[in-house]
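Below is one structure, written out as C-alpha cells; comments come after it.
The values are calculated or read from the model by the stated rules, or taken from the named source; none is laboratory data. Note that the coordinates shown come from a computational prediction; the quantities given were computed from them, not determined experimentally. Positions of Cβ are generated from backbone atoms using ideal geometry, with glycine treated the same way; all protein chains shown enter the neighbour counts.
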Amino acid sequence: EGRGHPEWPRLLAAHPDAEIRWKLASCPGLPPDVVDLLAADPDGDVVEEVARRTESPVTARLARHPDPRVRIAVAFNPTTPLEAVLALAEDPELPLQWALSERTDLPQALYARLAADPNDGVRAAYARNPGVGQELIRVLAADPEIQVRRAVAEHPHVPLDLLAELVVGDRAAWNALPRISAATPAELAELAGSRHAAVRMLVAQRRDLPPQLRDALAVDPDASVVRAVARHPGLSEELLRAMVARHGVQVLAAVAANPDASGPLLEYLTQHRPGVRKALKEVAKHPRATGPALLACLSDRTSRPLAAAHPALPPEAITGLLADEDHRVAEEAAGNPSLPRAVMLELVP
C-alpha cells in the first residue's frame, strides 16, 4: 500500500519466508538495492515476480536469466528496454505469443511473425495493438476468425474504409470504437453519409457531435441509427417526439434516457402503447420525471423500486409504498427525501 517505513523493504527482502519475499517483489516503488536483492533471490518465483513487476533497469539483466520463466516475465513487463525484448524474441525456448501483445514499439516484421500465431485469441490481441501498422491491419482484417476481425475494428488507427467493411459485414452490437472516437468532424460527416446504417450508427454513438450532424442523424430512416443518437444531449423535444412517432417501441427506451427529455415527454412515453419495460425503467430514474410519469412506472416490477426512491413521486404514493410486499420497494420509499416528516417520525421508535 506504500505506507510502510523506509527500512521495511530491506528487512522483508531478507525474510526467510519466500512467500513474503514474493509479495514484496510485487510492490511498486521499491528501493533499487531491494530490487537487486530480490532479482538475485534463490527462489525462482520471487525472481519471476520481480521480472514481471519492476520498473527498474534490472530487467535488462534478467532478460539473460537462465530460467525461461524469468525471461518470459521480463518479456511481459512493459518497461523492459526494447533491445532486451528483441533479444528475447530470438530465444527459441520462449513462447512469446501473449508476452509481447501489449508492446507498441516493436518492428513490424516482429508483429507480423507474432500475429501469425495459430491461436485466434493471440491474433486478436495483436489486431487491436496500436503499434501494428496499416499493412498488417489489412492482413488481419481478412482473418477467417470473427474474433480477429472484430479486434481489427477496435484498432485505434484502422483505416475508415476498412472499418466500414468490417462493421457492415458483422451484425454485432458495436460499442464505441476508438477510431470513431478520434475521427475529425470532416470524417464524421463522411461516415454519416454512408449508405450503410451500421456505419451511420457508429457515428450516432458519439456524444460530442456537431449539432447539425446530430440533428441529421436524429431523422435517419433507420431505427438503429436513431436509437443510437436518441440519448445525445441537445436534441429538441420536437425531434425526440418525432423519433417516437416514426419508430415507436424501437426507440422508446433511448428517448426516455435522453438527459434533456422534459417532464411532459416522459409522461407521454409512459402512456405509449405498446409499452416498453426498459423505457419505464429509464423514466423511473430520470431526474426530470414528473409525479404522473412515476406513478405509471409503479406498475412495472423492475421500475417500481426506482420510482419509489424518486423525490418527485407524490408523498401519498411514497407513504403507501412503505407497506409494499417487495422489501426493496419499501426500503426505497422509506429513504425517499419527499417522505412526509410526520410519517418519518412514526417510523422511528
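Below are the figures for this structure:
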| item | result |
| --- | --- |
| Ala109 being within 28 Å of Arg200 (Cβ to Cβ) and either part of a helix (DSSP H, G or I) or polar (S, T, N, Q) (or both) | no |
| Unique match (being surrounded by 21 or more Cβ atoms within 10 Å (Cβ to Cβ), among the small types (Gly, Ala, Ser) and farther than 22 Å from Arg103 by Cα) among Ala40, Ala13, Ala63 | Ala13 |
| Hey, Ala125 aliphatic (A, V, I, L, M), assigned to a helix (DSSP H, G or I) and buried (at least 20 other Cβ atoms within 10 Å of the Cβ) or not | yes |
| Segment 128-173, subset part of a helix (DSSP H, G or I) and of a type outside the set (A, V, I, L, M, F, W, C), residue farthest from Glu187 (Cα to Cα) | Gln147 |
| Hits in segment 87-122 (condition: exposed (fewer than 13 other Cβ atoms within 10 Å of the Cβ), of a type in the set (A, V, I, L, M, F, W, C) and touching a Pro at 6+ places or on another chain (Cβ under 8 Å)) | none |
| Some residue of segment 234-255 being within 17 Å of Ser338 (Cβ to Cβ) and among the basic types (Lys, Arg) | no |
| Test set (1) surrounded by fewer than 16 Cβ atoms within 10 Å (Cβ to Cβ); (2) modelled with pLDDT under 95 - Pro144 fails condition number | (2) |
| Answer residue from segment 220-249, given it is outside any helix (DSSP H, G or I) and out of contact with any helix residue (DSSP H, G or I) (no Cβ under 7 Å at 6 or more places or on another chain) and is farthest from Val168 (Cα to Cα) among those | Ser236 |
| Pairs where the first residue, in segment 186-199, is over 14 Å from Arg214 (Cα atoms) and the second is in a helix (DSSP H, G or I), C-beta under 6 Å, 6+ apart | Ser194/Arg200; His196/Val168; Ala197/Ser224; Ala197/Val225; Ala198/Val167; Ala198/Val168; Val199/Ala164; Val199/Leu191 |
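Residue-wise test of (1) over 19 Å from Val167 (Cβ atoms); (2) modelled with pLDDT under 95; (3) crowded, with 17+ Cβ neighbours inside 10 Å.
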site: Ala183; (1), (2), (3): no, no, yes
site: Leu188; (1), (2), (3): no, no, yes
site: Ala204; (1), (2), (3): no, no, yes
site: Pro211; (1), (2), (3): yes, no, no
site: Arg214; (1), (2), (3): yes, no, yes
site: Asp220; (1), (2), (3): no, no, yes
site: Val226; (1), (2), (3): no, no, yes
site: Val229; (1), (2), (3): no, no, yes
